[in-house]
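Right, I'll just put the structure down here and ask away after.
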Amino acid sequence: MVQSNSALNAGFLKPGVKAPVRETLLTPRFYTTDFDKVAQMNLSDDEKELRAVVAELKADYNRHHFIRDDEFKQSWECIDGQTRLAFIDFLERSCTSEFSGFLLFKELTRKLKNRSPLLSEAFEYLARDEARHAGFINKAMADFNLSLDLGYLTKNRTYTFFPPEWIIYTVYLSEKIGYWRYIIMFRHLEQRPGYQYYPLFRYFENWCQDENRHGDFFKALLRSQPQLWDNWKARLWARFFLLSVFATHTLTVLERGNFYKSLGIDARNYNIQVIEKTNETSARAFPVILDTKHPKFFPLLERCSNINFRLRLMDIKYSDKPKIQKFFLKLPLMLAVTFYMLRLFIIKPIDAEAIRMEVH
């Protein structure tokens, strides 16, 4: 307990309100985009499916799901040490990620209201779900006498601009990989209830269906825009975003092995399973997917993770060393990561258009 409390006493905005974690390559990002360009999208190529997905979102199947039951009403001092630290880190990053989605979707709802009513309605439902998720997680943090000041996050986070095309690729992938992360963890804990040390995990089965429906919406949006899947540029972008998301996921999971260990999960096997399932699912939307069965695929991803974990690129960036010294310290590490990523990128992809009918 001493180790846990001392670690958590640093970085508070005020008593009980935790300062956000330092922004790094692995922390959830806040995004903005070209709202005018989104409003001008022609949806006619897949409008029927878009309307069907929006109808599902409107039904709000989980409106009664995120209600804290009596199991939450107890002391959680029994979760201590490294398990407590790892779990709070998981809660904080998950809450930040969900809240980031809420802000983007809420702004899209507002900007598109009078220009693209169907998209505005869809983003309103997406924002509803993300706000619900973020609020539920923040209440879980309160069980550990902590919370995030979401208003502070709104004003003080750096917002990254992504063109609408990039938003569609990345949010589709983040929602689908979120689905597989939650459902695989839920099924694992369902079979091993002894590791389910906090009731939040019981909510993941229904929760992940929100992620799945969100991904289905972005899949329909992507397929409504032929320039996002029906040309050579789209095939390159699909490979790039798949690889970027999978590399980030590998770094994140392997760096936080203590959290997965506390749940009885082997982080490496979990990462492989999540990536393979997400890649397979992506064949429904993307023109190509990656060959995750290639013998070099996961070893190269893990080499990138090892460079990050052992040599701590971000620690160099935020150190007190002179800029020129930091540049030369980072340079060989960045070159090594770039080399491995290029080797991954040139692995021959799988033509998803050819196998789409085989994907279930």
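The values are calculated or read from the model by the stated rules, or taken from the named source; none is laboratory data. Everything numeric here is computed off the predicted structure, so don't read it as measured data. Note that each Cβ is placed from the backbone with ideal geometry, even for glycine, and that neighbours are counted across all protein chains shown. Surface areas here come from the heavy atoms of the whole protein model, side chains and all, with no ligands, DNA or RNA. Shrake-Rupley method; radii C 1.70, N 1.55, O 1.52, S 1.80 Å.
Using a Förster distance of 22 Å, how high is the FRET efficiency between W76 and E205, based on the Cβ-Cβ distance and rounded to 0.05?
The value I calculate is 0.50.
Y152 to E255: FRET efficiency via 1/(1 + (r/R0)^6), r the Cβ-Cβ distance, R0 25 Å, to the nearest 0.05?
0.50
Another question, if that's okay. Which residue fluctuates the most in the chain, going by a Gaussian network model with Cα springs under 10 Å, if the choices are N156, N306, N138?
N156
Taking the range 28-79, which trypsin sites (Lys or Arg not before Pro) meet the DSSP loop condition and have no more than 11 other C-beta atoms within 10 Å? Write down the numbers at each step before the final one.
Numbers: sites: R29, K37, K48, R51, K58, R63, R68, K73; in loops: R29, R63, R68, K73.
Answer in residue order: R63, K73.
How many Å² of accessible area per residue for the chain, probe 1.4 Å?
Roughly 49 Å² per residue, with all protein chains present.
Shifting gears a bit: How much length is gained on full extension from F339 to E47, taking 0.36 nm per residue of separation minus their Cα-Cα distance?
The span from F339 to E47 would gain 101.0 nm if fully extended.
Specify which labelled value, from (1) 21.6; (2) 19.2; (3) 16.3, agrees with mean projected area of the Cα convex hull in nm² derived from the coordinates of the model shown.
Label (2) holds the value from this structure.
Tell me the chymotrypsin sites (Phe, Trp or Tyr not before Pro) within the range 40-109 that lie in a loop according to DSSP and have at most 12 other beta-carbon atoms within 10 Å. Intermediate values should be presented prior to the final figure.
Numbers: sites: Y61, F66, F72, W76, F87, F90, F99, F102, F105; in loops: Y61, F66, W76.
Passing sites in the range 40-109 are Y61.
Rounded to the nearest 0.05, what FRET efficiency do F328 and N62 have when you use their Cβ-Cβ distance and R0 = 41 Å? Intermediate results must be reported in sequence, preceding the final value.
On the way: r = 51 Å, r/R0 = 1.24.
Plugging the Cβ-Cβ distance into 1/(1 + (r/R0)^6) gives 0.20.
What spacing in nm lies between the two simple spin-label points modelled at D351 and D89, each 7 Å away from Cα in the Cβ direction?
For the pair D351/D89, the computed spacing is 4.4 nm.
Measure off, as a whole percent, the carbon and sulfur share of the 1.4 Å-probe accessible area of the chain, all protein chains present.
Details: 9500 of 17570 Å².
Ligands and nucleic acids excluded, carbon and sulfur give 54 percent.
I've got another one for you. Defining a contact as two alpha carbons under 8 Å apart and six or more residues distant in sequence, what relative contact order in percent does the chain show?
19 percent
Only bridges whose two residues both fall in the chain count here: according to DSSP, what percent of them are antiparallel, nearest 5?
Of those bridges, close to 45 percent are antiparallel.
Sticking with this structure for a sec: Per 0.36 nm of contour for each residue apart, how much would the distance between A55 and N231 grow if the chain were fully extended, relative to their Cα-Cα spacing? Working shown, then result.
Details: separation 176, 0.36 × 176 = 63.36 nm, distance 3.03 nm.
The A55-N231 span can extend by a further 60.3 nm.
Exceeding 29 Å between C-alpha atoms, which entries from my cross-link table qualify? They are K155/K233; K296/K321; K48/K155; K139/K176.
K155/K233; K296/K321; K48/K155
Quick test of the membrane-span-like rule: which DSSP H helices of the chain reach at least 27 Å along their long axis (C-alpha atoms) with mean Kyte hydropathy at least 0.5?
Both cut-offs are met by 232-255, 323-345.
While we're on this one: For a test of the definition: using alpha carbon positions, the gyration tensor, and the 1.5 limit on a/c, classify the range 178-268 as rounded, prolate or oblate.
oblate
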